[in-house]
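> Could you have a look at this structure, given as structure tokens, before my questions?
The values are calculated or read from the model by the stated rules, or taken from the named source; none is laboratory data. Everything numeric in this text was worked out from a predicted model, so none of it was measured. Please note: Cβ atoms are built from the backbone with ideal geometry, for glycine as well, and neighbour counts cover all protein chains shown.
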Amino acid sequence: MVRASVLRYGHRSVRDYRVTSHCALVARAFGAEGITICGEEDESIRRSIEKVSEKWGGTFSVGFSDSWKNEFKKFRKRRNSAIVHLTMYGIPLQKAIGKIRKFGNIMAVIGSQKVEGAVYGDSDFNVSVTQQPHSEIAALAVFLHELFGGKELERKFPNAKIRIIPKEKGKKVLKGE
């Protein structure tokens, strides 16, 4: 079974709050176990995502770091691990995903600001979902979907207080403890 986490590189509180929050929401919904945000510490993001997990179920961690290099070093201590930098300059995802899936622990790296060259050099894979400008949110969603082979779409979130009941028309939401 593959386990995934996300490293958000270069977060700036005022400028990036909404996008970083959406990165965390996508990471959670698409099967990652947590996100580490490198850059300015922003407790409002942690509180927001913890509230989502409390209501919608499951577990998801939000951490902060001031050094991507330290996060890379810590992650490399895990057995069978690979660091995958999502960048439009990398090799196409469809060519790399088979090799990536062979690792048990994956850390997906997504940028916020311009990513320094050392991130490209220190990553095990530099992977693109397209060679066109796009958002890190989209890249993360497509990457996690491919990594988990679509199985994340069937995932059940334990201890959910809110659940959606799929309907062709209208909305049905179950609420309760």
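> Can you name the residue in the range 49-60 that is touching a helix residue (DSSP H, G or I) at 6+ places or on another chain (Cβ under 8 Å) and part of a helix (DSSP H, G or I) and is also surrounded by the most Cβ atoms within 10 Å (Cβ to Cβ) among such residues? Steps first, answer last, please.
Within the range 49-60, the first condition is being touching a helix residue (DSSP H, G or I) at 6+ places or on another chain (Cβ under 8 Å), and the residues that meet it are 49, 52-53, 58-60.
Remaining after also requiring part of a helix (DSSP H, G or I): 49, 52-53.
Numbers: I49: 21, V52: 18, S53: 17.
If we take residues in the range 49-60 being touching a helix residue (DSSP H, G or I) at 6+ places or on another chain (Cβ under 8 Å) and part of a helix (DSSP H, G or I), then I49 is surrounded by the most Cβ atoms within 10 Å (Cβ to Cβ).
> Considering each residue of the range 16-28, count those that are farther than 17 Å from V84 by Cβ and either in contact with a strand residue (DSSP E or B) (Cβ under 9 Å, 6 or more places away or on another chain) or in contact (Cβ under 8 Å) with a residue 40 or more places away in the chain (or both), and give that number.
The total comes to 7.
> Suppose we filter the range 12-48 for residues that are in contact with a Gly (Cβ under 6 Å, 6 or more places away or on another chain), farther than 18 Å from T59 by Cβ and either buried (at least 22 other Cβ atoms within 10 Å of the Cβ) or at pLDDT 95 or above (or both); how many remain?
Here the count works out to 0.
> Hey, another quick one. Considering only the range 61-89, state which residues are buried (at least 20 other Cβ atoms within 10 Å of the Cβ) and either touching a Lys or Arg at 6+ places or on another chain (Cβ under 8 Å) or without any contact (Cβ under 8 Å) to a residue 60 or more places away in the chain (or both). Full working, then the answer.
Restricting attention to the range 61-89, the residues satisfying the condition of being buried (at least 20 other Cβ atoms within 10 Å of the Cβ) are 62, 68, 71, 82-87.
Result: V62, A82, I83, V84, H85, L86, T87.
> I've got another one for you. Quick one: in the range 1-11, of everything that is modelled with pLDDT under 90 and touching a strand residue (DSSP E or B) at 6+ places or on another chain (Cβ under 9 Å), which residue is surrounded by the fewest Cβ atoms within 10 Å (Cβ to Cβ)?
Residues of the range 1-11 that are modelled with pLDDT under 90, as a first pass: 1, 10-11.
Imposing the further condition that a residue be touching a strand residue (DSSP E or B) at 6+ places or on another chain (Cβ under 9 Å) reduces the set to 10-11.
On the way: G10: 19, H11: 22.
If we take residues in the range 1-11 being modelled with pLDDT under 90 and touching a strand residue (DSSP E or B) at 6+ places or on another chain (Cβ under 9 Å), then G10 is surrounded by the fewest Cβ atoms within 10 Å (Cβ to Cβ).
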